[in-house]
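Asker: I'd like to ask you about the structure that follows.
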Amino acid sequence: MIISIASGKGGTGKTTVATNLAVSIGSNVQLLDCDVEEPNSHLFINPVFEHTETITTPVPEVDESKCTLCGKCAEICQFKAIIVIGNTVLPFEELCHSCGGCMKVCPEDAIKEKGRVLGIIQKGRRNGLEFINGTLRVGEAMSPPLIRKVREFSNQVGVTIIDAPPGTSCPVIASMKGADFVLLVTEPTPFGLHDLKLAVEAVKILGIPCGLVINRSDMGDDKVRTYAGQESIPIMMEIPFDRRIAEAYSRGELIVEHMPGWRERFIELYRSIEKAIGTLG
Ligand code: SF4
Ligand code: SF4
């Protein structure tokens, strides 16, 4: 079972939900931190890292001695990532989506692959929990390829929790695609509602069932609840504003380990997700 924890907007408590849910479920659980531009789940999980690997993506390298400047590579590239200017073929690595098209069409076999570093992936454990995160290289603009690499570590056996990046663009889609359930974390404010609506639209396009967690639920207004009712999206948990939760977060602590009753509430949240998936299945 793959559960993706997402939020249209940053700062809603997505990582709090992902980490506390993951440690509450028990054994045979993975937590994948796919917020590769700013991974922070490890600060709460404190895993013992066992493995680090550098992730690269193939980009073209042109052998000018073989190139006849025919332009076929530039013609096929949908991203303008390789162009012919005067007597030179110029690849733009940062624009390349690693589709391999230019290498396939080159009649002179003048294009070879080389690796462009995307970032690193770290794998570790905390008791029964397997933890994997990706960290995008500073200056790297494309995070989806690294997110897809992190997701390759999903073992498809137990429960995989994905901490998705905030927003509704390509990195989030890469973190939600193929999930069995998307848990959207929001807050009852106009900004929260605005970004929640965008996130729900994205989830609908992907055809994945979803539910809501409302954080700081006793602040703001009722518009998020009204919207959830209109869209028939179940509200699966409400987390009221509590200074102790904010303090635990600032210390890098899990609320299920420091505040009584929360582990049971997160287990209940997991049971509700299981039930929702079961009902739909
Ligand atoms: S691999 Fe694909 S995206 Fe990259 S330069 Fe070649 S054709 Fe363009
Ligand atoms: S397709 Fe090959 S031969 Fe033609 S311009 Fe590109 S690199 Fe040169």
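The values are calculated or read from the model by the stated rules, or taken from the named source; none is laboratory data. Treat the numbers as computed from the prediction; the structure is a model and nothing was measured. Positions of Cβ are backbone-derived with ideal geometry, glycine not excepted, and every protein chain shown enters the neighbour counts. In case anyone asks, the SASA skips ligands and DNA or RNA and just uses the protein heavy atoms, side chains included. Shrake-Rupley method; radii C 1.70, N 1.55, O 1.52, S 1.80 Å.
Asker: Counting just the residues of the stretch 49-83 that are assigned to a strand (DSSP E or B) and either charged (D, E, K, R) or open to solvent by 80 Å² or more (accessible area, probe 1.4 Å) (or both), which one comes out farthest from ligand 2 (Cβ to nearest atom)? Quick ask: steps written out before the conclusion?
Answerer: Taking the stretch 49-83 first, the residues assigned to a strand (DSSP E or B) are 49-62, 82-83.
Checking the rest, the ones that are also either charged (D, E, K, R) or open to solvent by 80 Å² or more (accessible area, probe 1.4 Å) (or both) come to 50, 52-54, 61.
Numbers: Glu50: 42, Thr52: 35, Glu53: 31, Thr54: 27, Glu61: 10 Å.
Among them, the one singled out is Glu50.
Asker: Right, here's the next one. Give the number of residues within the stretch 84-93 that are assigned to a strand (DSSP E or B) and more than 10 Å from ligand 2 (Cβ to nearest atom). Give the derivation first.
Answerer: Going residue by residue through the stretch 84-93, those that are assigned to a strand (DSSP E or B) are 84-85, 88-91.
This time we only want the ones that are more than 10 Å from ligand 2 (Cβ to nearest atom), so: 85, 90.
Here the count works out to 2.
Asker: If we keep just the residues of the stretch 253-267 that are among the aliphatic types (A, V, I, L, M) and either on the phi > 0 side of the Ramachandran plot or open to solvent by less than 50 Å² (accessible area, probe 1.4 Å) (or both), which is farthest from the chain's Cα centre (by Cα)? Full working, then the answer.
Answerer: Taking the stretch 253-267 and keeping what is among the aliphatic types (A, V, I, L, M), we get 254-256, 259, 267.
This time we only want the ones that are either on the phi > 0 side of the Ramachandran plot or open to solvent by less than 50 Å² (accessible area, probe 1.4 Å) (or both), so: 254-256, 259.
On the way: Leu254: 20, Ile255: 22, Val256: 23, Met259: 28 Å.
If we take residues in the stretch 253-267 being among the aliphatic types (A, V, I, L, M) and either on the phi > 0 side of the Ramachandran plot or open to solvent by less than 50 Å² (accessible area, probe 1.4 Å) (or both), then Met259 is farthest from the chain's Cα centre (by Cα).
Asker: Also, I was wondering about something else. Restricting attention to the stretch 214-225, report how many residues are assigned to a helix (DSSP H, G or I) and either open to solvent by 70 Å² or more (accessible area, probe 1.4 Å) or more than 14 Å from Ser7 (Cβ to Cβ) (or both). Talk me through it step by step, then tell me what you get.
Answerer: Residues of the stretch 214-225 assigned to a helix (DSSP H, G or I): 223-225.
Retained after the next criterion (residues that are either open to solvent by 70 Å² or more (accessible area, probe 1.4 Å) or more than 14 Å from Ser7 (Cβ to Cβ) (or both)): 223, 225.
The qualifying residues number 2.
Residue-by-condition table, conditions (1) modelled with pLDDT under 95; (2) more than 10 Å from ligand 1 (Cβ to nearest atom); (3) farther than 13 Å from Asp163 by Cβ:
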site: Cys34; (1), (2), (3): no, yes, no
site: Ser65; (1), (2), (3): no, yes, yes
site: Leu69; (1), (2), (3): no, yes, yes
site: Pro91; (1), (2), (3): no, no, yes
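Asker: Filtering the stretch 226-252 down to residues that are at pLDDT below 95 and part of a helix (DSSP H, G or I), which residue is most open to solvent (accessible area, probe 1.4 Å)?
Answerer: Out of the qualifying residues, it is Arg243.
Asker: Follow-up question, since we're still on this one. Which numbered condition trips up Glu108, out of (1) away from ligand 1 (no atom under 16 Å from the Cβ); (2) more than 21 Å from the chain's Cα centre (by Cα); (3) of a type outside the set (Phe, Trp, Tyr)?
Answerer: (1)
Asker: In this structure, is Gln122 open to solvent by less than 60 Å² (accessible area, probe 1.4 Å) and either within 16 Å of ligand 2 (Cβ to nearest atom) or modelled with pLDDT of 95 or more (or both)?
Answerer: Answer is yes for this residue.
Asker: Arg137 passes all but one of (1) open to solvent by 70 Å² or more (accessible area, probe 1.4 Å); (2) more than 19 Å from Ile55 (Cα to Cα); (3) more than 16 Å from ligand 1 (Cβ to nearest atom); which number fails?
Answerer: Of (1) open to solvent by 70 Å² or more (accessible area, probe 1.4 Å); (2) more than 19 Å from Ile55 (Cα to Cα); (3) more than 16 Å from ligand 1 (Cβ to nearest atom), only one is false for Arg137: (2).
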